């Protein structure tokens, strides 16, 4: 397979990547049309404002026409126009779309690494087993990674039954891999999971791909590149906005701006069966059958106490404060002191946020830990990273089984730094950070340049 030339610009937050991106698009678009992908709609608006008529905002066009975004995107790409949209639309790219991309010799610019290039699919193991036995799902023998295909079409051209059409679309347009779990279930039967991956053929349709990010080596996208043997050129960004050779840059220059709380920490630590101390605050730690509920209550109490402490000592309000944790536990750990759940849910549901006042939005305190690529929260003076972050277990075991080199600490550090830098530090302002989990806190301290003797 021939892959296009892919460049990965790996530079720290606030290093001028977006400024360079805008300048680069202005230079390139007269030679080749460009598809620009950003993480959130707020960044679509930002780039549209900066580039004006040079770029079509798919979001705005879809709203004006009352059409689906993917239909509007297909229309403009068929005409060879430069467009800006969100990462999410890659889910719907099909063969016809990619043929237009190739015909017009499109450039692809991606702001921030894609987190959805590898994801587990929510489907019961028993259903997978039935579809395999019924030969509705078939493992492609020529593919060493157990990639699935479908067969046995019904009268309407579908293979899988009603309710599984979305899965079938993914199998047809993406890569879906079969993974057998190491342990059998309680009845001694094999357990299966499905892993979806973005179709690696996508990259070959573009004239060139430019990815802007930081700590790419720790990202799911880099693991995806390893899995599919997609080659790329790592690059850096000079202070004057020029592409340069890549070098690893840590956060020493930010150390004077960061105050890390050295109290309210380590209450999550516990001894495992081998009497070895471990860090909690992971998903599995919270879902412990006997202790999970009490642990979530403890997080809620510690979060409230820390907020009240910072209120007394620094005079902060909700407008200044942000926290994150595994989103599935939000309702269990949040309390009225640190945010209104109704407003949090309303904001993160794109359909309803337009009804909120600017003050209500600035008072949003919960920011998803996968948040990146936005400066919308740069007024936050206190950032509380509660999660003990790990690569999803199913993804990790799948990748390791395929010989991909996984570094869970680099992955966790990458996620955490991207989240912390949504706050006021990106403006060069002082910030207070609370990281109660020792593992995560030590990763951040080392990134800032603390020695082993200075860790706390």
> Can you tell me which of 48, 69 is free of Cβ contacts under 8 Å to residues at least 60 places away in the same chain, in the same structural domain as residue 235 (by TED's automatic domain parsing) and out of contact with any strand residue (DSSP E or B) (no Cβ under 6 Å at 6 or more places or on another chain)?
Replying inline: 69
> Which one of the conditions (1) buried (at least 17 other Cβ atoms within 10 Å of the Cβ); (2) under 22 Å from the mean Cα position of the chain (by Cα) does residue 343 fail to meet, given that it meets all the rest?
Replying inline: (2)
> How many of the residues making up the range 306-339 are assigned to a loop (DSSP other than H, G, I, E, B), surrounded by fewer than 17 Cβ atoms within 10 Å (Cβ to Cβ) and in contact with a helix residue (DSSP H, G or I) (Cβ under 9 Å, 6 or more places away or on another chain)?
Replying inline: 2
>> When you scan the range 315-323, do you find a residue that is in contact with a strand residue (DSSP E or B) (Cβ under 6 Å, 6 or more places away or on another chain) and closer than 23 Å to residue 392 by Cα, even just one?
In response: yes
> Among the helices (runs of 4 or more DSSP H) confined wholly to the range 357-456, which include 3 or more residues that are under 21 Å from residue 215 (Cβ atoms) and at pLDDT below 95?
Replying inline: 393-401, 408-420
> Would you pick out the residues in the range 100-118 that are assigned to a helix (DSSP H, G or I) and touching a residue at least 40 places away in the same chain (Cβ under 8 Å)?
Replying inline: 101, 102
> Checking residue 276 against (1) under 26 Å from the mean Cα position of the chain (by Cα); (2) at pLDDT below 90, which single condition isn't satisfied?
Replying inline: (1)
>> Within the range 273-286, does at least one residue satisfy the condition of being over 30 Å from residue 82 (Cα atoms) and in a strand (DSSP E or B)?
In response: yes
> free of Cβ contacts under 8 Å to residues at least 60 places away in the same chain, within 26 Å of residue 267 (Cβ to Cβ), touching a helix residue (DSSP H, G or I) at 6+ places or on another chain (Cβ under 7 Å) and assigned by TED's automatic domain parsing to the domain that holds residue 320 - does that describe any residue in the range 419-439?
Replying inline: no
>> Tally up the residues in the range 16-47 that are under 22 Å from the mean Cα position of the chain (by Cα) and either closer than 17 Å to residue 81 by Cβ or assigned to a strand (DSSP E or B) (or both), please.
In response: 6
> Here is a list of conditions, (1) closer than 25 Å to residue 299 by Cβ; (2) surrounded by 22 or more Cβ atoms within 10 Å (Cβ to Cβ), and residue 398 meets all of them except one; can you say which number that is?
Replying inline: (1)
> What single numbered condition from (1) more than 26 Å from residue 236 (Cβ to Cβ); (2) in contact with a strand residue (DSSP E or B) (Cβ under 6 Å, 6 or more places away or on another chain) fails to hold for residue 103?
Replying inline: (2)
> If you check 132, 178, 148, 167, which single one turns out to be farther than 19 Å from residue 401 by Cβ, outside the structural domain of residue 215 (by TED's automatic domain parsing) and either surrounded by 15 or more Cβ atoms within 10 Å (Cβ to Cβ) or at pLDDT below 90 (or both)?
Replying inline: 167
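The values are calculated or read from the model by the stated rules, or taken from the named source; none is laboratory data. The model shown is predicted, which means the values in this text are computed figures rather than measured ones. Quick reminder, even Gly has a Cβ in these numbers, built from the backbone with ideal geometry, and neighbours come from all protein chains shown.
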